[in-house]
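None of the figures in this text is laboratory data; all of them are computed from the coordinates on show. A quick note: this is a predicted structure, and the numbers were derived from the prediction, not measured. Reconstructed Cβ throughout: ideal geometry from the backbone, glycine too, with neighbour counts over all protein chains shown.
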Amino acid sequence: MAYLRTTLQFFLALTFLFSAYTKAVAPGFFEILLEQQGLVPSRLYGAWATRFIIALETWLGLCLLLSFYTRLILRLSFALLCVFSIHLVYLIAIGETGNCGCFGEMISMSPLASLVKNLALLAVNGLLLWYKY
């Protein structure tokens with residue numbers, strides 16, 4: 001069971017790192033997307049929000065990869081995935097079908113597909129929290 005826990009933690013870490021990388025490659029796309037979705041009032045705030053999200057996802061991924069403060073990091077990543085999922089439910093409710101920006105321009109996902117991905121990641125995260133603590 002320890003191998004499964006380590007593998008799942010590694011998978012979750014790589015997912016956060018990959019997500020941060022895909023946003024960092026072309027941050028302008030994500031900035032514009034945040035502004036179009038009404039999450040930020042202007043492109044300037046979008047730039048700050050984009051850099052913050054990239055840094056947060058990178059930090060979470062590295063901490064999970066290196067097993068630093070695992071209990072805290074798993075709780076924070078669970079909360080972040082919940083916030084992202086709530087936003088995706090909102091996008092689905094207003095009828096948005098375009099790229100949600102979860103993996104930047106590299107992997108185009110609809111809000112529904114991204115919500116399914118987040119639910120799977122929440123299940124993995126919840127399993128790690130339940131098993132570890």
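Quick notes
- Compared with the direct C-alpha span, the chain from Leu122 to Met106 gains 3.5 nm at full extension, assuming 0.36 nm per residue.
- Distance between the modelled labels on Leu76 and Trp59, one decimal in nanometres: 0.5 nm (7 Å Cα→Cβ projection).
- Each residue of the chain gets 95 Å³ once the volume of the Cα convex hull is shared out per residue.
- Point-to-point label distance, Tyr90-Leu66, nm (Cα→Cβ direction, 7 Å offset): 3.3
- Net charge, Lys23 excluded, C-beta distance under 14 Å - Lys, Arg +1, Asp, Glu -1: -2
- Extension gain for the segment Trp130 to Tyr3, taken as residue separation times 0.36 nm less the Cα-Cα distance, is 44.2 nm to one decimal.
- Karplus-based coupling profile of the stretch 79-91, in residue order and whole Hz: 5, 5, 5, 5, 5, 4, 5, 4, 5, 5, 4, 4, 4, with θ = phi - 60° in 6.51 cos²θ - 1.76 cosθ + 1.60 and x standing for Gly or Pro.
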